[in-house]
Amino acid sequence: MNVRQFQYFEDNLGYLVYGKEDAIAVDGGAVDEILFFIKSKGLKLKYVVNTHTHPDHTSGNKSLIDKTGAVFISVDTLIMNKEIKLEGEKITIFHTPGHSDDSIVFYFDNILLTGDTLLNGKAGRCFTGDLKGFLRSIKHVMTFPENTLIYGGHNYVEEYMETAINIEPDNEYIDDYIEKYDPSHVYSTLEEELKVNPSLRFNDKKMISILKSRDLPTETEYDCWSSIVRIV
């Protein structure tokens, strides 16, 4: 399977997952660009799905369905079924509540479409208010192979790396991350995120020392996580 990234609105990122004939739109807000791409490739848009139901991610659903006849599969159905198939290949769905109650990620071919659960450079905002639940979701994402490609739901990389530098000015990996960053194709590996993303560094000794120096709670893993959420 292949994945194509589409940027829309000011900073949203949506995706087309496609094979030889069929395609799935994930957060397909870039309607015109997606329609042009599938026509140029001779593809049929089979499904329209979302990483969660915030309106900036679902904005393209109706137009794509009306213009292609694609089938809409709700987030609730994806959570229940735990997978979706494209040309016989399985895409696994994981429920990752935290940013929203219905947040999910899509995993296939060493690629993780993370929506707003994990953005490139920081975790998404916890609109549910359940930081403990969000930590469980983040820890689940962290269990994937380190060479997994992370494709998030927004491009805030420049802003997030400024934050990362302010927190960890001696982190030598941040410069490498910034140098690799391409605003026309936003992605990273999980290994890179583990090295620079403050939201994933709650068990790192250097990060814990920084939190202590700011008189922030560090007694438990959750304390470290919630302290990081406060400063990012």
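The values are calculated or read from the model by the stated rules, or taken from the named source; none is laboratory data. On a predicted model such as this, the values are computed, not experimentally measured, just so you know. Positions of Cβ are backbone-derived with ideal geometry, glycine not excepted, and every protein chain shown enters the neighbour counts.
Any residue at all in region 85-97 that's closer than 29 Å to His140 by Cα, free of Cβ contacts under 8 Å to residues at least 12 places away in the same chain and of a type in the set (Lys, Arg)?
yes
Filter region 44-96 down to the residues that are surrounded by 17 or more Cβ atoms within 10 Å (Cβ to Cβ) and small (Gly, Ala, Ser), then identify the one that is farthest from the chain's Cα centre (by Cα).
Ala70
Restricted to region 173-229, and to residues that are of a type in the set (Val, Ile, Thr) and part of a helix (DSSP H, G or I), which residue is surrounded by the most Cβ atoms within 10 Å (Cβ to Cβ)?
Here the residue is Val196.
Looking at Ser100, is it assigned to a loop (DSSP other than H, G, I, E, B), of a type outside the set (Val, Ile, Thr) and modelled with pLDDT of 95 or more?
Against the criterion (assigned to a loop (DSSP other than H, G, I, E, B), of a type outside the set (Val, Ile, Thr) and modelled with pLDDT of 95 or more), Ser100 qualifies.
Go through region 203-227 and give me each residue that's within 18 Å of Leu118 (Cα to Cα) and either within 19 Å of the chain's Cα centre (by Cα) or touching a residue at least 60 places away in the same chain (Cβ under 8 Å) (or both).
Listed by number, the residues that qualify are Tyr222, Trp225, Ser226.
Within region 1-48, which residues are under 19 Å from Ile111 (Cα atoms) and touching a Ser or Thr at 6+ places or on another chain (Cβ under 7 Å)?
Val26, Asp27
Can you name every residue in region 7-37 that is part of a loop (DSSP other than H, G, I, E, B), surrounded by fewer than 18 Cβ atoms within 10 Å (Cβ to Cβ) and more than 14 Å from the chain's Cα centre (by Cα)?
Scanning region 7-37 gives Phe9, Glu10, Gly19, Lys20, Glu21.
In region 170-195, what residues are charged (D, E, K, R) and either under 21 Å from the mean Cα position of the chain (by Cα) or under 20 Å from Gln7 (Cβ atoms) (or both)?
Across region 170-195, the qualifying residues are Asp176, Glu179, Lys180, Asp182, Glu191, Glu192, Glu193, Lys195.
Can you tell me which residues in region 79-107 are at positive phi and in contact with a Ser or Thr (Cβ under 6 Å, 6 or more places away or on another chain)?
Gly98
One line per residue, one yes/no per condition, for (1) more than 27 Å from Phe6 (Cβ to Cβ); (2) out of contact with any Phe, Trp or Tyr (no Cβ under 6 Å at 6 or more places or on another chain):
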residue: Asp130; (1), (2): yes, yes
residue: Glu146; (1), (2): no, yes
residue: Leu149; (1), (2): no, no
residue: Ala164; (1), (2): no, yes
residue: Asn197; (1), (2): no, yes
residue: Ile208; (1), (2): yes, yes
